[in-house]
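Reviewing the structure listed below.
Rule-based calculations on the coordinates, nothing more; no lab input. Quick caveat, the model's predicted, so the values are computed rather than measured. Backbone-built Cβ (ideal geometry, glycine too); neighbour counts: all protein chains shown.
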Amino acid sequence: VPTRTPVSLASRLILEGVHHSYGATNAADGIDLTIEPGEIVCLLGPSGCGKTTLLRLIAGIERPSAGRILLDRQVVAGPEAFVPPEKRQIGLVFQDYALFPHLSNLDNVAFGLKALTRAEALAEAGRALERMRLGRYAADYPHALSGGEQQRVALARALVTRPGILLMDEPFSGLDSRLRGSVRAETLDVVRDAGATCVIVTHDPEEAMRMGDRIALMRAGRLVQLGTPEMLYRSPCDLSAARFFCEINEVSGKVAGGRIHTPLGSFPAPALREGERAVAAIRPQGIEMRAPGSGIAGRVMEHRFLGELDMYEVAVQGIDRPLVVRRRATAGLAAGQNVGVHIDIAEVLVFAATGP
Ligand code: ATP
């Protein structure tokens, strides 16, 4: 039976006004972030927004040009102090696992346990592999394992030193999509069992929603929104944040009487100024198609079978581009047919038209 004891004393991680630049690029531009002990936070954002830089700053691979990083009460980076990576009690897992090819899986895991005698290190590493259900591969070499198994060895190696904080950079991107789901679920189990505070870098919103207690959404070196997956999905802070989580239909209009008026009808816009140009962002699953004659007149231009939810494109007068609609496949509904379009107001978000 694998042992299942908490292995870490989780740390609280605090970033205060952290800056880092490469030449003229502000890769971290004043980041404030507190991550609670045992919490899993995903750093999410498009390529180049500074996710990896932030992870490297937390690890101590880079030193911030301004601001402070604290692990519990200790300043590990700041004007007054800098603690090198090996003294930060941090576990690291990278995309390519970075296992040593010439060491057995057991020796890979034992590698970080330099403070122990060799016998103690091997015993501890053996237990870590057992926890990962990889005990039978201890004497093998990494190349003989599948991608998912190598990822688990890397995770065992990162956790065996009982780090207070575990940092993972795109840990699942090397896995094929079939394997990714199960390795994610296992990783989540192991990290929760270990009780470690965990920061995961990803560019995949679905992954961030599955893995994160909270998501830190980044753009151009800044943290633009921080919250639970549900908060970010339901109340994105602006149009780009909304676009990041789902393919949306954007319909422009003008604000009058506290509502945005668009060719698809008017929707509440309480936070916007009178006369302002605005955008109604309508999620594809918030549009329903009923019999023609009801709702807004539309015509199905395209239908794609996608399994659970099918995709339809529906042309509506007054809108340049067809609406993207995602619904359960409706028998007999095909390109060329007229439909009545109905919009679920709960799936409409309204934003000022200005901004990125
Ligand atoms: P990706 O998802 O593509 O890995 P990221 O969000 O992790 O991107 P970073 O790798 O942190 O982004 O890069 C942030 C910015 O800093 C980018 O503009 C990048 O080009 C720049 N940058 C990163 N590392 C260096 C470096 N060593 N030298 C110069 N510029 C760098």
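Quick notes on this one:
- Counting all C-alpha pairs of the range 248-352, share separated by more than 19 Å (%): 41
- Put simply, the amide H of Val224, placed in the peptide plane, has neighbours under 5 Å in Leu217, Met218, Arg219, leaving out anything fewer than 5 places away on its chain.
- Projected label points at Glu308 and Arg73, each 7 Å from Cα along the beta carbon direction, are separated by 4.7 nanometres.
- Across the range 245-261, computed HN-Hα scalar couplings (Karplus, 6.51 cos²θ - 1.76 cosθ + 1.60, θ = phi - 60°) run 8, 6, 6, 10, 8, 10, 10, 8, x, 10, 8, 8, x, x, 10, 8, 9 Hz from first to last residue, x flagging Gly and Pro.
- D by Stokes-Einstein for the chain, Kirkwood Rh over Cα pairs, 10 °C, 1.306 mPa s: 69 µm²/s.
- The mean of 1/r over all distinct Cα pairs in the range 94-227, once inverted, gives the Kirkwood hydrodynamic radius of 15.5 Å.
- Helix-only [θ]222 nm of the chain, DSSP H runs n ≥ 4, -39500 (n - 2.57) each, per residue, nearest 500: -6500 deg cm²/dmol
- Stretching Glu36 away from Leu188 to a fully extended chain increases their span by 53.1 nm, per 0.36 nm per residue minus the current alpha-carbon distance.
- The relative contact order of the chain comes to 17 percent, based on Cα pairs under 8 Å that sit 6 or more residues apart.
- Backbone phi angles across the range 216-223, fed through the Karplus curve with coefficients 6.51, -1.76 and 1.60 (θ = phi - 60°), yield HN-Hα couplings of 9, 8, 10, 8, 6, x, 10, 8 Hz in residue order; Gly and Pro are listed as x.
- The length gained by stretching the chain between His261 and Met301 to full extension, at 0.36 nm per residue less their Cα-Cα distance, is 11.9 nm.
- For Lys114, the lysines whose Cα falls under 28 Å of its own Cα, not counting residues fewer than eight places away in the same chain, are Lys87.
- Tilt relative to the chain, helix 177-194 - C-alpha long axis, 0 to 90 degrees, to 10: 60
- Its relative contact order, with pairs defined as Cα atoms under 8 Å and 6+ residues apart, puts the range 248-352 at 32 percent.
- Cα long-axis angle, helix 118-131 against the chain (0 to 90 degrees, to the nearest 10): 30
- A Förster distance of 25 Å, applied to the separation of the beta-carbon atoms of Ser235 and Asp204, puts the FRET efficiency at 0.75.
- With both labels modelled 7 Å from their Cα along Cα-to-Cβ, the Ala271 to Asp320 distance reads 2.5 nm.
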